[in-house]
Amino acid sequence: MNNRVWLSSPHMGEKEKEYVSEAFLTNWVAPLGPNVDIFERQLSDYLGVKGAVSLNSGTAALHLSLISIGIKPGDVVLCQSFTFAASAFPIVYMGANPVFIDSEQDTWNMDTVLLEKAIVESIEKGQKPAAIIVVHLYGMPAKMDSIVSISDKYQIPIIEDAAEALGSSYHNKKCGSFGDVSIVSFNGNKIITTSGGGALISNNEDWIQKTRHLSAQAKDAAPYYLHTQIGYNYRMSNICAGIGRGQMEVLQHRVARRREIFELYVKELGNIEGVSFQKENEASFSNRWLTTMLLDEEKFGIGMNDNIRIELEKCNIESRPLWKPLHQQPVFENCVRYINGVSDKLFSTGICLPSGSNNDNEVIDTVINQIKKVILK
Ligand SMILES: *Cc1c(COP(=O)(O)O)cnc(C)c1O
């Protein structure tokens, strides 16, 4: 992919090709097959959960999560505002209504004070929210102890969007194992990839079974195609699962390297006044999917993040603003929101830096030097 330095590009290990070849040699060039079975077992073993269903995207996994939980048209679903739009799109597929919850300063993830306020106000209006979608943004675990206790208190299920957080943990429990239903993504830019894919994860074996059924067109047992439910064509192919099988074997190395890259940035830039990074707390371990940096507006003026992006682009280095909060997205302009200014501020002052595990130290040093050129001027 030429000489461009990417934010996060696929990083294959030794075995992916072999597992894909196996699929060709045995003609399992189909959805389902041995790679799919093995990949799903690797995932559920790794996360310590009862079941995982591999699907063709994280977005599909979120859609089927909402279906598992039984979301109905008109339901209210509370969703973290500071995230990629795919966290919320499936709410709309269901005909349900997203209500956006802002972030808290520590983890950049769902603010539990606003979450509880939204729940109480929604109940007062006679509509108890039907689900909470919480995200571990950039791999940083959300404060799951508080979120789980709110979920328990009001009996509202959690959908855990761990698309960016495979390999992260909170109090030594893996992200992707906290939700009533959880999802991960294997899109090409994520910490490991299947070229495109996702998985739904749960300890609820009925939901796992139901998801497996619905994701393969809801074919009932009969010699002809018999359907008593609406199905979806969301399964992962045996080819993609072959890639995933190899990637699962190197996941911990990918996490270790991303964390090293984060440390390189912090070492060289972290002491500059006005520069700061997303911090772990005593309970959290981040996979450091993307290193994200904040530039204090009082120190640097408005728009330093964009100045850096433009300068890096001149050197063929990709960087990107942080996720534009969903409450700022035109497509969601009519949705209810609970806002405290945190994600707006993060969006206006932050930047995502090249973080792919396949970058060597020399590349990261080049990025760092370019950044220094801009901010120390
Ligand atoms: C990538 C991502 C998704 C969607 O996953 P796809 O596999 O690309 O469909 C959902 N939520 C978040 C937070 C993501 O980063």
Inspect region 137-154 for any residue being open to solvent by less than 60 Å² (accessible area, probe 1.4 Å), more than 16 Å from the ligand (Cβ to nearest atom), within 24 Å of Asp75 (Cβ to Cβ) and in contact with a Lys or Arg (Cβ under 9 Å, 6 or more places away or on another chain) and give the result as yes or no.
yes
Residue check, Ala130 within 14 Å of the ligand (Cβ to nearest atom), in contact (Cβ under 8 Å) with a residue 24 or more places away in the chain and surrounded by fewer than 24 Cβ atoms within 10 Å (Cβ to Cβ)
no
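Yes/no per residue for (1) over 20 Å from Leu55 (Cα atoms); (2) outside any strand (DSSP E or B); (3) of a type in the set (A, V, I, L, M):
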| position | (1), (2), (3) |
| --- | --- |
| Gly231 | no, yes, no |
| Met248 | no, yes, yes |
| Leu251 | no, yes, yes |
| Arg254 | yes, yes, no |
| Arg257 | yes, yes, no |
| Val266 | yes, yes, yes |
| Glu282 | yes, yes, no |
| Lys299 | yes, yes, no |
| Asn305 | yes, yes, no |
Considering only region 42-74, state which residues are more than 16 Å from the ligand (Cβ to nearest atom) and part of a loop (DSSP other than H, G, I, E, B).
Gly48, Val49, Lys50, Gly70, Ile71, Lys72, Pro73, Gly74
Which is of a type in the set (Gly, Ala, Ser), surrounded by fewer than 16 Cβ atoms within 10 Å (Cβ to Cβ) and out of contact with any strand residue (DSSP E or B) (no Cβ under 6 Å at 6 or more places or on another chain), of Gly33, Gly95, Gly13?
Gly95
Assess whether Asp306 counts as being touching a helix residue (DSSP H, G or I) at 6+ places or on another chain (Cβ under 8 Å) and at pLDDT 95 or above.
no
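Residue-by-condition table, conditions (1) loosely packed, with under 15 Cβ neighbours inside 10 Å; (2) outside any loop (DSSP other than H, G, I, E, B):
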{"residue": "Ile302", "(1), (2)": "yes, no"}
{"residue": "Ile310", "(1), (2)": "yes, yes"}
{"residue": "Leu346", "(1), (2)": "no, yes"}
{"residue": "Ile364", "(1), (2)": "no, yes"}
{"residue": "Lys372", "(1), (2)": "yes, yes"}
Identity of the residue in region 299-353, in contact with a Lys or Arg (Cβ under 8 Å, 6 or more places away or on another chain) and among the aromatic types (Phe, Trp, Tyr), that ends up nearest to Gln370 (Cα to Cα):
Phe347
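The values are calculated or read from the model by the stated rules, or taken from the named source; none is laboratory data. Everything numeric here is computed off the predicted structure, so don't read it as measured data. Don't worry about glycine lacking a Cβ; one is built from the backbone with ideal geometry, like all the others, and counts go over all protein chains shown. Only protein heavy atoms, including side chains, enter the accessible area calculation; ligands, DNA and RNA are left aside. Shrake-Rupley method; radii C 1.70, N 1.55, O 1.52, S 1.80 Å.
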